[in-house]
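Worksheet for the structure shown next.
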Amino acid sequence: MEVIEQIDPELRAAFLALPSGLIEDPSTVLKVRDLPPEGMILKTRPLGAEHRDVVVPGRIGAPDVKVRIYEPIRPARELPAVIWLHGGGYFMGDLDMEDAWLVLMSRAVNCVVVSVDYRLAPENPFPAGVEDSHAALVWTYKHAAELGVDPTRIAIAGESGGGGLAAGLGLLARDRGEVPLAFQMLLAPMMDDRGITDANKRIVDLRLYNARFGNQLWKFYLGAAYGTGKVSPYAAASRATDLRGLPPTYIGIAELDLFVDECLEYAAKLLKGGVQTQLNVYPAAFHGFNRFAPEARVSKKFVADRDAALIKALHG
């Protein structure tokens, strides 16, 4: 069956508009950074949340990290916080790309959102991105009082490459023990560098996030460790063998996403490790569908499910 026939009819126009053939060599992949972000950025910034940019200390020996803080009209009590890690396959993306989406999240969930401008590969391979993310998490925890944040209700979340970073950050935060996490949300997370799942054979259309493209991004992110047995689970969370002690977890993934199998496997390992886990698979959808076709019913469900999970985890 042709891939277009497998895709939700409400998503087909967005799928056909996706660029293809941009993965012939590393220099071509990097040109993706220069493409106009059509479909990825909401054109109208909703009202209902304010934001400000702050520079926070990086880990010892690392540069400082810029974060963007979104604050809804706050009630007379402390709010939960979500540390948000933007997508972009570890090699692209920025705070502006997420701006309007995070206004909506902050308003819908009634939380403070701290969006992290982490360093990108290949110029800054692992562990730069996850260390920047951890620095932002620690700063938020230590400054919870001035941010109006309840330090016992801090979640981490991200999408695509940001989802993979969130998974690695969850492991790193558990092992360093500096911040108690209330929740982690992994949306279409990029977690397995080995390319060994069946999805790597199924998802091959050049308009989809496919194995050839993903492998190149892993080379960027992992540097000299790519293709070796020395890849850290903080870089590729699917390599982690012990998931005990992680916070309750939500995973959302599309059926036709390159990362669907690794999400299924990670959810199973979380459950085996005694971690409360919710996994939602969105049928007939592809990677990034919620961004490229936000008005489709399945996209609206994706966002509604995401927000409902955050509200339940952070507000009870």
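What the table below lists for this structure:
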read-out	value
Selection count, the range 169-196, where residues are more than 20 Å from the chain's Cα centre (by Cα) and either within 19 Å of GLY252 (Cα to Cα) or assigned to a loop (DSSP other than H, G, I, E, B) (or both)	3
Every residue from the range 20-34 that is assigned to a helix (DSSP H, G or I) and at pLDDT below 70	PRO26, SER27
Matching entry among GLU178, GLU131, GLU159, GLU146 (being of a type in the set (D, E, K, R) and either crowded, with 24+ Cβ neighbours inside 10 Å or under 22 Å from LEU30 (Cβ atoms) (or both))	GLU159
The range 291-303, residues that are more than 30 Å from ARG244 (Cβ to Cβ) and open to solvent by less than 60 Å² (accessible area, probe 1.4 Å)	ARG291, ALA293, PRO294, ALA296, VAL298, SER299, VAL303
Residue in the range 41-54 that is at pLDDT 75 or above and surrounded by 12 or more Cβ atoms within 10 Å (Cβ to Cβ) present	yes
Restricting the range 204-228 to residues that are in contact with a helix residue (DSSP H, G or I) (Cβ under 9 Å, 6 or more places away or on another chain) and without any contact (Cβ under 8 Å) to a residue 60 or more places away in the chain, the residue that is most open to solvent (accessible area, probe 1.4 Å)	VAL204
Complete set of residues in the range 285-316 that are closer than 13 Å to TRP101 by Cβ and of a type in the set (A, V, I, L, M)	VAL303
Residue ID - least open to solvent (accessible area, probe 1.4 Å), chosen from residues in the range 304-316 that are more than 14 Å from TRP84 (Cβ to Cβ) and assigned to a helix (DSSP H, G or I)	ALA309
Residue that is in a helix (DSSP H, G or I), among the aliphatic types (A, V, I, L, M) and either modelled with pLDDT under 95 or over 23 Å from ALA81 (Cα atoms) (or both), where the choices are ALA166, ALA268	ALA268
Filter result (surrounded by 16 or more Cβ atoms within 10 Å (Cβ to Cβ) and not in a strand (DSSP E or B)) within the range 274-290	VAL275, HIS287, GLY288, PHE289, ASN290
Given (1) open to solvent by 60 Å² or more (accessible area, probe 1.4 Å); (2) farther than 22 Å from GLU5 by Cβ; (3) among the acidic types (Asp, Glu), index of the condition GLU255 fails	(2)
Search result, residues across the range 106-139 that are among the polar types (S, T, N, Q), in a helix (DSSP H, G or I) and over 18 Å from GLY168 (Cα atoms)	SER106
Any hit, the range 229-239, residues being among the polar types (S, T, N, Q) and outside any helix (DSSP H, G or I)	yes
Some residue of the range 257-265 being at positive phi, aliphatic (A, V, I, L, M) and not in a helix (DSSP H, G or I)	no
Any chance ASP242 is assigned to a loop (DSSP other than H, G, I, E, B) and surrounded by fewer than 24 Cβ atoms within 10 Å (Cβ to Cβ)	yes
Test: residue in the range 262-271 that is more than 30 Å from LEU206 (Cβ to Cβ), in contact (Cβ under 8 Å) with a residue 60 or more places away in the chain, of a type in the set (A, V, I, L, M) and surrounded by fewer than 19 Cβ atoms within 10 Å (Cβ to Cβ)	no
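Yes or no, residue by residue, for (1) crowded, with 18+ Cβ neighbours inside 10 Å; (2) out of contact with any strand residue (DSSP E or B) (no Cβ under 8 Å at 6 or more places or on another chain); (3) among the polar types (S, T, N, Q); (4) in contact (Cβ under 8 Å) with a residue 60 or more places away in the chain:
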{"position": "VAL67", "(1), (2), (3), (4)": "yes, no, no, yes"}
{"position": "MET92", "(1), (2), (3), (4)": "yes, yes, no, yes"}
{"position": "ALA100", "(1), (2), (3), (4)": "no, yes, no, no"}
{"position": "VAL114", "(1), (2), (3), (4)": "yes, no, no, no"}
{"position": "LYS142", "(1), (2), (3), (4)": "no, yes, no, no"}
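The values are calculated or read from the model by the stated rules, or taken from the named source; none is laboratory data. It should be emphasised that the depicted structure is a prediction, and the values quoted were computed from it without experimental measurement. Reconstructed Cβ throughout: ideal geometry from the backbone, glycine too, with neighbour counts over all protein chains shown. Quick note on the areas: whole protein, heavy atoms, side chains included, nothing else; ligands and nucleic acids left out. Shrake-Rupley method; radii C 1.70, N 1.55, O 1.52, S 1.80 Å.
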